[in-house]
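To keep things clear, I will list the structure first and then write my remarks on it.
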Amino acid sequence: MCWRGRWQCPRGFRPYDSPEIKVPSADKYFDVIRESGIVLDKEERKAAIVAQVNEAAHLIGGEAIIEEGLLNEVTNLIEMPTAVMGGFNEEFLTLAT
């Protein structure tokens, strides 16, 4: 249900044009939000971040160094945990002399 006025419809992710998420009833709220990709539970988001970061590190033969403070900050900033692995040309690691 979406009401105009005091309460607005929950909206999805901005990269996906922030679609309205139709919630048929209050008891369906958590299920509907989960189906849209949003992880409401903080501990579940944190566990997903750790698992994805460890998996990404493992793929390149590395080891994830996860700082608890940064993990907590990231956990509270995101709604849909998605690890992204990137890289850059090693020539950019050299310092000018």
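Each value in this text was obtained by applying a stated rule to the coordinates, not by laboratory testing. The structure displayed is predicted, hence computed values, not measured ones. Positions of Cβ are generated from backbone atoms using ideal geometry, with glycine treated the same way; all protein chains shown enter the neighbour counts.
Relative to the compact globular guide of 2.2 N^0.38 Å, what is the alpha carbon radius of gyration of the stretch 44-94, as a ratio? Please list the in-between numbers first.
Numbers: Rg = 12.6 Å, N = 51, 2.2 N^0.38 = 9.8 Å.
The value comes to 1.28.
Compute the distance in nm between two label points, each set 7 Å from the Cα along the Cα-to-Cβ direction, one at Lys22 and one at Ile60.
4.3
Using alpha-carbon positions, what is the distance between the centroids of the stretch 25-40 and the stretch 46-74, in Å?
26
Using a cut-off of 13 Å between beta-carbons, work out the net charge of the residues near Thr82 (Lys and Arg +1, Asp and Glu -1, Thr82 not included).
Details: positive: Arg45; negative: Glu55, Glu79.
That works out to -1.
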